[in-house]
Every structure is written in C-alpha cells, then in structure tokens.
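Asker: My questions will all concern the structure given below.
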Amino acid sequence: MQAISQLKSTLTTLFGSALGKSLFWLGSAQVLGRIVRLGSSIIIARLLTPEIFGLVAIILTSFEVICTPTRRISSAALIQMDDEQFNNALTSANQVNWLAAITAFVAMSLLSLPLAFYYDDLQLIPPMILMATSYLLLPLGMLYAAKNLRLNRMRVVGRAVLWQTVFDGLLTATLALLGLGIWAIILPKIIVIFIWIGVHRYHNPLPEALSKTLKSASSAINAGQCETSPKERKLGLNPQAIKILRFGIQVGLGDLAIAMRQNIDYILVGYFLGIEALGIYFFAFNASLGISLGLIQSYGTALYSHLCQKQSNDAQKNTSQQQKYFQSLKFIMLLTVPIITVQAALAPFYLPLIYGQKWLEAGALPIFILLCLSGLVRPLGEAASQYLISSGQSRFNLICNSIFTLVLAVTITLCSFSGLTTVALGILLVHLFMMPGFTIYLQLTQKSEPEPEADNGEITVQQADTASAAISTEVTAQVTASPQSSIHNPNQPTQPITVGSRETRYDFS
C-alpha cells in the first residue's frame, strides 16, 4: 500500500509540473491522432500489399532525409532572438525559408530518377515528385510556427499536430477504400499541410515589421536603390539572411545525422532484402512503435523546453537541470513501459485480428514484438540527447549519436543475411545495451555543466546546436505520416537531437 501511495504521489507531482503540462498538450494530441490513424492503418493494411508499403517507405524516407536539414533553417535563429531582432529578421528569414524549400523540391525530384532505376520501378517517380511539392507549401507557415514555438504555445502546436493527424488518417482511409493504392497514402500528406499552416496562422499575425519591410524593399527596387551592393549579396540574399542561413545549416547538419540514425534501418533493409521485405518491416515498425514514438517525440519537445527554463535561476543552475533530467526519466518510463509491455504481450492476439492474417503469413509478428520491445529504452536516448544539448554539450551528443548510428548500421548489415527477424533482434539488442549504457555513463560523469561561452559575435557549431528555445518536432513534419514516423512537423523534432538555447543572444541584425 505504501508503494502504491508513493507511486500515486509521484505521478501527481510529475503531471502537475511544467513538463507534465507541456507533455499533456503534445502527448494527448499525439495519442488522439494515433487512435484515428489506427483505424486508417487497419484499412490500408488490409487493402494494400507489402510491395506498396515498400514504395511508400522509400518515398517517405527520402522526404524525411531531405526535409530534416531545412526544418529549422530559420526558426533556430528566430526563436533565440529578442522581440526587436525577431521583428527585423522576418523578411530575411522568409527569404531563407523559400531558398531551402525550392532546393529541397529540386533535390527530391531529381532523386526520384536514380531510385526508380535502382529498384526497377518507374511507379516511384510521379508520387515522389508530387510529394516534393509539399516543400513549396511549408514557407507559408514556417514563420508563424516559429513564433508559436518562440512563445512556448505548446497548446497551439499540439492542436496543429492533432488536426493534421486526424485529417491525414480520415483522408487516407477514404482514398484507400476508393482504390487509389499508393496515392491514398501520399495525397493526404500534402493536403494536411494546409491544416498545419491554418492552425499556426489562426489569430497569430506576424508583426507589422514584415509587411513594412517588404513594402520598403519593393519601393527601393522600383527607385533603383538597394540597401546592399551586389558584392554583399550571395544567392540573392541580404547579409542578415546569409547569417541566418549559415546558422540554420549548422543546426540542420546536426539534425541530419540524427535523421540518418532514425532511417538507416529502412535504407539498409530495402537495399539488402528488397522492396517486399521493406514493406513488411515498414508495417511492423509503424504498427508496433507508432503510439510510443509519438509519446517519445512529444516528450522530447516538452523536455527540452523544461530543461531550458533552468537558466532563469543561475544560483541552482547545475543541480536544477540534473534533477529535472533524472526526474523526467522516471516520468516517461512510468508512462511508456506499461503501454509497451501490454502491447507486446497481446500482439499475437490482436495483430491478426486487427490488421489481417496476411501479415502473420508474411512473418510480421516476431518483427512486430521485437521492435515493440525496443521502445522500452528509446526514451532514455531521447532524454540524454535533450540534456546534453541544453547543457551546451551538443558536440558530444552528435558524436554519441554518430557512434550509435554506425553500430546500428553494422548490426543491420550483418543481420540482414539471416532475414528480417534477425534484423529486428539486432536492433533490439543494440538499443537494450547502448541506451541504458549511455544513461549510466551520464549519471557517473555529468557532475557539472560548462559555463556559457562568451558571445564574440561569431556563430560556432556548438552555438548553432544550442540556438532555439523549444523548437520541436513531429512533427514533421510536422507534416505527419501515416502509417507514421516518417514525416514530421517542420518545426517539431522527431529525433533525439533538438535545437537548444542559452541566455547568450546572437546578433542577426
């Protein structure tokens, strides 16, 4: 009874904390959206073949890898600025957003050709090019999303994720029933971007400085005058936009390393075992880890903001942050371990009942269970990354994630010679050994945090990785995917690495 009472008291305290409230808004949006997506996934799992799932995996993985470096291309700098700098930088940030969007569109369109020839399937080209057009929609909402994240409006961010996911699931199910095949999954991903844009722009006007700047720039051009000489411009951007771009590229490269870690399994399974095996793996991964990964992504977004709040109290900075970090581990493990354990235990009963007997015949059940169990320790890696970035150790975080990616890639490569089940077992073992090991290492070695570096006006890689205050993820794009985990909200983190912030301000004016 005493243990139960203590557990109840702990949960009440944790859910009443700032972290608990932030996680409530983001997590509830993820869970409610996943419930709708569950119905959608049941329909498409019964109507679509593993080959179609394989093609979808290739398209969504390509989208994610290309989108990741552009997701925080301007918001990383904007969120760090004060009000005056933010207002003055909006026009420059808008230029950077459009440059990144057009570059991403061209890159994915060109990538469709070699992928189609490699997999000997020209069906890849039209949906990949159509999917690439979604990049051109993102700048319409990126500044508004950055403003919401800058003001820590997690309720709005969660609402965008929820409605995006709900409409994605409903549209996917409807189009699948109409017999649209692969288009039933691709088309909704593009349409729901308008919902993401609408939610972030609703009652969220940008400062008048943006429109005034645009008008004055237009007048200057018509008068034959320009604020900057041609020598000062690069890629058609003004000097301030160049600074924001450089800042965002440094952040994006760090995020790209994490995206590769999260998608390396899709790439290697498709390369070694073919499209049909990739389709089975893609289904098992998303069906087993869908809800838990949604919670973990929301947890990462909320945790980073929670850890950064410590900087307002310099007297207890180190102790406070470490206490928040280890307390957050207890919070997320109490939340996810029961869910994942029950899900894995009941998988043999509900998997054929819900998704159909054909997935059991394809050998998806053991893969489903093994991947589901790997979710038990995934929150440890998410929490560790957020802690390292918030404490100014993002270089060390990047090194650790790169080592993990390398170990995971070698394991998948070796296990692929024995089949998909062995690959899933290898992934489980890597997570079971490395994630807790990393957490124990931090507990033994992280006794104190480095002092903030003096601001000399230059942007370093470490500063770039610590530039934003609560920039998320998943949300894709947060364009969200179904069967999920491939596309996230453009300003929500999907991965363990998230952009951070210090009290040091950088001059982007």
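The values are calculated or read from the model by the stated rules, or taken from the named source; none is laboratory data. Owing to the predicted nature of the structure, the values given are computational and were not obtained by experimental measurement. Cβ: placed from backbone, ideal geometry, glycine included. Neighbour counts: every protein chain shown. Accessible surface areas use protein heavy atoms only, side chains included; no ligands, DNA or RNA. Shrake-Rupley method; radii C 1.70, N 1.55, O 1.52, S 1.80 Å.
Asker: Can we say Thr49 is closer than 30 Å to Ala284 by Cβ, at pLDDT 65 or above, among the polar types (S, T, N, Q) and surrounded by fewer than 21 Cβ atoms within 10 Å (Cβ to Cβ)? Don't jump to the end; show me each part of the working.
Answerer: Values: closer than 30 Å to Ala284 by Cβ: yes; at pLDDT 65 or above: yes; among the polar types (S, T, N, Q): yes; surrounded by fewer than 21 Cβ atoms within 10 Å (Cβ to Cβ): yes.
Judged against the criteria, Thr49 is a match.
Asker: Name the residue, out of Gly392, Gly457, that is surrounded by 19 or more Cβ atoms within 10 Å (Cβ to Cβ), modelled with pLDDT under 90 and at positive phi.
Answerer: On the way: Gly457 fails: surrounded by 19 or more Cβ atoms within 10 Å (Cβ to Cβ).
Of Gly392, Gly457, the one residue that is surrounded by 19 or more Cβ atoms within 10 Å (Cβ to Cβ), modelled with pLDDT under 90 and at positive phi is Gly392.
Asker: Exactly one of these conditions fails for Ala277: (1) at pLDDT below 85; (2) open to solvent by less than 20 Å² (accessible area, probe 1.4 Å); (3) of a type in the set (Gly, Ala, Ser). Give me its number.
Answerer: Against the list (1) at pLDDT below 85; (2) open to solvent by less than 20 Å² (accessible area, probe 1.4 Å); (3) of a type in the set (Gly, Ala, Ser), Ala277 comes up short only on (1).
Asker: Residues that are touching a Lys or Arg at 6+ places or on another chain (Cβ under 7 Å), surrounded by fewer than 20 Cβ atoms within 10 Å (Cβ to Cβ), modelled with pLDDT of 55 or more and assigned to a helix (DSSP H, G or I): does the range 242-253 have at least one? Talk me through it step by step, then tell me what you get.
Answerer: Initial filter on the range 242-253 (touching a Lys or Arg at 6+ places or on another chain (Cβ under 7 Å)): 242, 248, 251-252.
This time we only want the ones that are surrounded by fewer than 20 Cβ atoms within 10 Å (Cβ to Cβ), so: 242.
Now drop any that are not modelled with pLDDT of 55 or more, which leaves 242.
Now drop any that are not assigned to a helix (DSSP H, G or I), which leaves 242.
Yes; the residues of the range 242-253 include at least one that is touching a Lys or Arg at 6+ places or on another chain (Cβ under 7 Å), surrounded by fewer than 20 Cβ atoms within 10 Å (Cβ to Cβ), modelled with pLDDT of 55 or more and assigned to a helix (DSSP H, G or I).
Asker: Looking at the structure I just gave you, is Arg37 among the basic types (Lys, Arg) and modelled with pLDDT of 80 or more? Don't jump to the end; show me each part of the working.
Answerer: Numbers: among the basic types (Lys, Arg): yes; modelled with pLDDT of 80 or more: no.
Taking the combined requirement at face value, the residue does not satisfy it.
A quick yes/no check of all residues on (1) in contact with a His (Cβ under 8 Å, 6 or more places away or on another chain); (2) of a type in the set (Lys, Arg); (3) surrounded by fewer than 19 Cβ atoms within 10 Å (Cβ to Cβ); (4) at pLDDT below 85:
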| position | (1), (2), (3), (4) |
| --- | --- |
| Cys308 | no, no, no, yes |
| Ser312 | no, no, yes, yes |
| Gln327 | no, no, yes, yes |
| Pro338 | no, no, yes, no |
| Phe349 | no, no, yes, no |
| Gln357 | no, no, yes, no |
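Asker: Just to be sure before I move on: is Ala362 out of contact with any Lys or Arg (no Cβ under 9 Å at 6 or more places or on another chain) and either open to solvent by less than 20 Å² (accessible area, probe 1.4 Å) or of a type in the set (D, E, K, R) (or both) in the structure I sent?
Answerer: Working: out of contact with any Lys or Arg (no Cβ under 9 Å at 6 or more places or on another chain): yes; either open to solvent by less than 20 Å² (accessible area, probe 1.4 Å) or of a type in the set (D, E, K, R) (or both): no.
The answer is no for Ala362.
Asker: Being crowded, with 17+ Cβ neighbours inside 10 Å and either more than 30 Å from Ser41 (Cβ to Cβ) or within 21 Å of the chain's Cα centre (by Cα) (or both) narrows it down to one of Ala104, Ala116, Ala173, so name that one.
Answerer: On the way: Ala116 fails: either more than 30 Å from Ser41 (Cβ to Cβ) or within 21 Å of the chain's Cα centre (by Cα) (or both); Ala173 fails: either more than 30 Å from Ser41 (Cβ to Cβ) or within 21 Å of the chain's Cα centre (by Cα) (or both).
Of the residues listed, the single one that is crowded, with 17+ Cβ neighbours inside 10 Å and either more than 30 Å from Ser41 (Cβ to Cβ) or within 21 Å of the chain's Cα centre (by Cα) (or both) is Ala104.
Asker: I'd like the full set of residues that are on the phi > 0 side of the Ramachandran plot and not charged (D, E, K, R), limited to the range 114-154. Even if it seems obvious, please write down each step before you answer.
Answerer: Filtering the range 114-154 for residues on the phi > 0 side of the Ramachandran plot gives 120, 152.
Residue satisfying the conditions is Asn152 alone.
Asker: Mind listing whichever residues of the range 154-211 are among the polar types (S, T, N, Q) and closer than 30 Å to Gln85 by Cα?
Answerer: Of the range 154-211, the ones among the polar types (S, T, N, Q) are 164-165, 172, 174, 204, 211.
Within the range 154-211, Asn204, Ser211 meet the criteria.
Asker: Please name all residue pairs, on different chains or six or more residues apart, with Cβ atoms under 6 Å, provided the first residue is in the range 190-214 and is open to solvent by 30 Å² or more (accessible area, probe 1.4 Å) and the second residue is at pLDDT below 95 and of a type in the set (Phe, Trp, Tyr).
Answerer: Every condition considered, the pairs that remain are Ile195/Trp163; Ile195/Phe167; Arg201/Tyr144.
Asker: Give the residues of the range 119-132 that are open to solvent by 50 Å² or more (accessible area, probe 1.4 Å) and charged (D, E, K, R), sorted by residue number.
Answerer: Asp120
Asker: Do we have any residue at all in the range 335-344 that's more than 27 Å from Ile280 (Cβ to Cβ), under 19 Å from the mean Cα position of the chain (by Cα) and hydrophobic (A, V, I, L, M, F, W, C)?
Answerer: no
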